[in-house]
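Values quoted throughout were computed directly from the atomic coordinates according to the rules given, and no laboratory measurement underlies them. None of these values were measured; they are calculated from a predicted model. Here Cβ is always computed from backbone atoms with ideal geometry, including for glycine, and neighbour counts include all displayed protein chains.
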Amino acid sequence: MAKKTITSRVSNKETVTHGSSNHGSASKKSKVEKKVTAGRVYVTATFNNTLVTLTDGSGNTLAWGSSGNSGFKGARRATPFAAISAMEQVAGKAKGFGMTSCEVYIKGPGSGRDATIKALRSAGINITMIADVTPIPHNGPRAKKRRRV
């Protein structure tokens, strides 16, 4: 049943609405608290930055962080200390989700590889598996043509 709205004309330019309207009464979505006890942590350690992504068991992203997001700029982003602070930031979010154990997947040649694992252990999250998923070519690109003189 629709609500009735009464409109009366006060002057030539103004219109006053009496009664209730639906403006401003939009319902907000309730925030759903996720409880994830075990998940995955993906670490991408490049030469310039360290990226950390926290996912649940099926791979849906819950939180992420990086050295640049932690406040480091320029060459300092590539340091192990910057990687530790990025991992501590993500580990705090993981604790908020109720995570107690995780699998760690590390990719890349950067200096933040070992530092992130130490930071995750010191945050109190159990590491069930560590996997190096750095892409390595089996055969590589096609070789240059042999030089003929």
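The modelled label-to-label distance for the pair Lys35/Thr100, using points 7 Å beyond Cα in the direction of Cβ, is 1.2 nm.
Of all aspartates and glutamates in the structure, the ones whose alpha carbon falls short of 13 Å from that of Lys34, not counting any fewer than 8 places away in one chain, are Asp56.
For each pair in Lys73/Lys118; Lys73/Lys95; Lys107/Lys145; Lys73/Lys93, compute the distance between the two Cα atoms and list the pairs where it is over 25 Å. From Lys73/Lys118; Lys73/Lys95; Lys107/Lys145; Lys73/Lys93, over 25 Å: Lys73/Lys95; Lys107/Lys145. Of the trypsin sites (Lys or Arg not before Pro) in segment 50-142, the ones in a loop by DSSP (not H, G, I, E or B) with at most 14 other beta carbons within 10 Å are Lys73, Arg142.
Electrostatic tally near Ala63: other residues with Cβ closer than 11 Å to its Cβ, Lys and Arg +1, Asp and Glu -1, net +2. Taking the charge dipole of segment 38-132 about its Cα centre, with +1 at Lys and Arg Cβ atoms and -1 at Asp and Glu Cβ atoms, the residue from Ile130, Tyr42, Val52 reaching farthest to the positive side is Val52.
One equal scatterer on each Cα of segment 87-132, no solvent, Debye formula: the resulting log10 I(q)/I(0) at q = 0.14, 0.18, 0.28, 0.34 Å⁻¹ is -0.31, -0.51, -1.11, -1.34.
Where the convex hull is taken over the Cα atoms of segment 34-101, what is its projected area averaged over directions, in nm²?
Details: hull surface 16.7 nm².
Mean shadow area of the hull around the Cα atoms is 4.2 nm².
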